[in-house]
Structure formats: structure tokens, C-alpha cells
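What follows is one structure encoded as C-alpha cells, with my remarks underneath.
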Amino acid sequence: MNQYSRRISPIALICIALLAGASLFSCSRANPAAAKRYPFSGRVISLDTQAQSALIDGDAIPGFMDAMAMSYKVKPTASLNRLVPGDSVSADVVVQRDRDPEVPPDYWLENVKVIAHADPAPAAAGSALHMPAPGEEVPDFSFTNQNGKHVSLKQYRGNALLVTFIYTRCPFPDFCPRVSSNFAEIYKQLDTNPALAGTRLLSISFDPEHDTPKVLRDYGFSVAHTHAPALFKRWEFAAPSGADLPQIAGFFALTIKPEGGLITHNLSTAVIGPDGKIVKWFHGSDWQVSDLMKDVAAIAPKN
């Protein structure tokens with residue numbers, strides 16, 4: 001044993017043991033495989049600065065994935081400031097897989113470069129996107145709900161109403177699944193606050209051909225993590241007719257584009273007062289559960 005080995009104190013040995021144990025624990029928990037990188041190109045559809053991500057219509061990556069629109073985290077996040085919808089970009093898509101096949105892979109974009117800017121086209125007369133404004137009365141749009149019954153927004157008069165838009169097949173974790181998860185948390189919190197008992201939630205699908213009442217019902221049970229029919233007394237899931245969808249999308253500044261079996265879309269969430277007028281409107285996912293809870297608390301009818 002050399003002189004350096006003899007000088008290791010009992011305390012040092014304990015520290016080394018603890019560090020070794022922490023290292024083994026960390027490896028057993030995360031245990032990531034080596035990240036793989038693939039050359040990537042596509043066109044920016046929309047940006048979400050809060051989620052630090054971009055929805056991009058990506059080209060096919062041979063041997064990895066087909067051409068499709070997906071939401072990607074962008075690293076470093078400062079790269080987002082250089083992007084605008086319509087830009088063509090190149091990048092590296094980094095895929096970090098866990099050694100546990102049950103754990104979904106993590107993925108993001110690095111080295112994002114703009115290779116072509118979209119040509120700015122003058123807006124056609126009357127084609128400006130309508131943005132719901134506070135105090136604006138919401139038209140009495142009608143839908144078919146998860147029970148196959150006809151409902152309209154007028155039926156919610158007298159209650160605070162939270163409206164958001166989804167489609168049940170949405171694969172983008174920062175889009176419909178995130179919004180539905182947030183609504184599920186709001187639903188739970190409303191259930192514990194008697195003062196907000198009258199508040200209602202409405203998730204509207206913009207995929208009426210696929211999202212039938214049965215599909216919406218099953219989706220509702222899934223995202224709310226319950227099979228209690230009482231769910232739908234406070235939170236309904238509904239879809240308009242295909243003929244009514246453009247008018248509804250236009251009012252709520254919802255952009256939708258069917259593409260390759262999926263739907264490229266933005267996010268739109270509204271707080272509607274008991275008088276049927278817009279209280280607040282949120283574009284994208286730039287809101288938190290706490291934001292909407294404060295809004296409904298402020299407008300909920302007082303007993």
C-alpha cells in the first residue's frame with residue numbers, strides 16, 4: 001500500500017462510498033443510451049416561446065421517420081428568437097433513448113439555421129385573423145357532445161365557461177395532450193371549491209369526422225382519469241359539424257390544416273363569462289392552471 005492510500009481517512013472513505021452509491025442509483029434511474037443525431041430540414045408552422053418549442057413540417061429522414069409535422073424543443077432556446085412561421089430551416093434532430101424500452105425517447109433540435117425566409121405576402125382584404133377580445137359576445141355555436149346530444153354555447157349562460165380546442169389523435173405532447181392535462185387539473189380543483197361549483201369546461205374537437213361521440217366520451221374518461229359519468233356534468237367534450245367548423249375556428253383564431261393523416265394546428269383557449277362574453281383569450285399554451293383558476297374565481301356568480 002503506497003503513502004497516498006494510507007492517508008485516506010475514514011470520513012473520506014464514507015464520502016467515496018456515498019458518491020459511488022449515488023452514481024449507481026443515478027445510473028439505475030436514468031440509464032440513458034447514447035444520443036443519436038440525424039440531419040433535419042423543414043418549415044416552421046408556429047412557435048411556442050413558453051414551451052420553448054416550434055411546430056415544424058419536417059421532411060422525411062431516411063431510415064428514421066417519414067415526413068410529418070411535429071413539435072420540437074429547440075436548444076439553445078435563444079434560437080427561437082431567430083425564427084418566424086414560414087421559415088425553412090436545417091438542424092440536427094437529437095434523439096436520446098433510455099435503456100428501458102418502456103420509457104419514451106426524448107428529442108430536440110440543435111444547430112437550427114434558417115436557410116430561406118418566407119416571402120411576405122400581402123394579406124388579402126378581409127382575411128386578417130380575428131382575435132377574440134374581452135367584452136366580445138360569443139356567437140351561439142352548436143355542437144354534438146360525448147353523449148350524442150345537441151348542445152350550444154347559449155346553454156352555458158349564467159356559468160363561467162372555459163373553452164379549449166383539441167383533437168383526440170393529436171400526437172404532439174405540447175399541444176392537445178398538454179391542454180387536456182391542464183383542463184383535467186382544473187376539473188380536480190373545481191371539484192374541491194364550492195364557490196366555483198358552477199364553472200364549466202368545454203373541450204371542442206376540430207376533427208368531427210373522427211371524433212364521434214363515443215370517441216370523445218372515451219377520450220374524456222382517459223384524460224380525466226375517471227370513468228364516472230358525473231364527469232360530463234362539469235366537463236363536456238363536443239364536436240361541431242364540418243359545415244360549422246370554419247366559422248367557429250375563425251372566431252376563436254384557430255388555424256387547422258389536415259396533412260398526412262394528422263392535423264397541423266395552433267392552440268386557442270378562452271374564458272367566457274356568465275353573460276356569454278369573452279373575458280380572456282389565450283393563444284398557444286401561454287397560460288397556467290393558476291391563471292384560469294384566478295379568472296373563473298373573479299367572474300363566478302356569487303351566491
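The values are calculated or read from the model by the stated rules, or taken from the named source; none is laboratory data. In this text the structure is predicted, and so the values were computed from the model without any measurement. Here the Cβ positions follow ideal geometry from the backbone for every residue, glycine too, while neighbour counts run over all protein chains shown. The protein model used for the area step is the full one, side chains on, heavy atoms only, and it has no ligands, DNA or RNA in it. Shrake-Rupley method; radii C 1.70, N 1.55, O 1.52, S 1.80 Å.
Just from the alpha-carbon atoms, what are the Rg and Dmax of region 203-262 in angstroms?
12.9, 36
Provide, for region 203-303, the number of lysine pairs with alpha carbons under 24 Å apart, each pair being eight or more places apart or on different chains.
The number of close lysine pairs in region 203-303 is 11.
When all C-alpha to C-alpha distances in region 135-225 are sorted into bins of 5 Å, what percent of pairs does each bin hold, rounded to whole numbers?
3, 12, 23, 24, 21, 13, 4, 0
Just subtract the alpha-carbon distance of ASN111 and ARG37 from 0.36 nm times their residue separation and send over the number in nm, one decimal.
Fully extending the segment from ASN111 to ARG37 adds 25.5 nm.
May I ask you to list the trypsin sites (Lys or Arg not before Pro) in region 127-164 that are in a DSSP loop and have at most 15 other Cβ atoms within 10 Å of their Cβ?
Sparse-neighbourhood loop trypsin sites (Lys or Arg not before Pro): LYS149, ARG157.
I'd like the distance between the alpha-carbon centres of region 157-174 and region 200-238, rounded to an integer number of Å.
10 Å
Give, to the nearest whole percent, the P(r) tail of region 146-303 beyond 25 angstrom, counting all Cα pairs.
Here the tail beyond 25 Å accounts for 24 percent of pairs.
Once Lys and Arg get +1 and Asp and Glu get -1 on their Cβ, which of PHE175, LEU153, THR192 lies farthest toward the positive end of the dipole of region 151-197?
LEU153
Which parts of region 58-81 would a label at GLN96 reach, counting a residue when its backbone N lies under 17 Å from a point 7 Å out along Cα-to-Cβ?
The answer is 72-78.
If you take every residue apart from LEU196 with its C-beta less than 15 Å away from the C-beta of LEU196, what net charge results, scoring Lys and Arg +1 and Asp and Glu -1?
My count for the surroundings of LEU196 gives +2.
Considering only protein heavy atoms, what per residue accessible area in square angstrom results for region 155-223 with a 1.4 angstrom probe?
That works out to 39 Å² per residue.
Summing Lys, Arg as +1 and Asp, Glu as -1, what charge do residues with Cβ under 11 Å from the Cβ of PHE172 carry, PHE172 excluded?
Residues close to PHE172 contribute a combined charge of 0.
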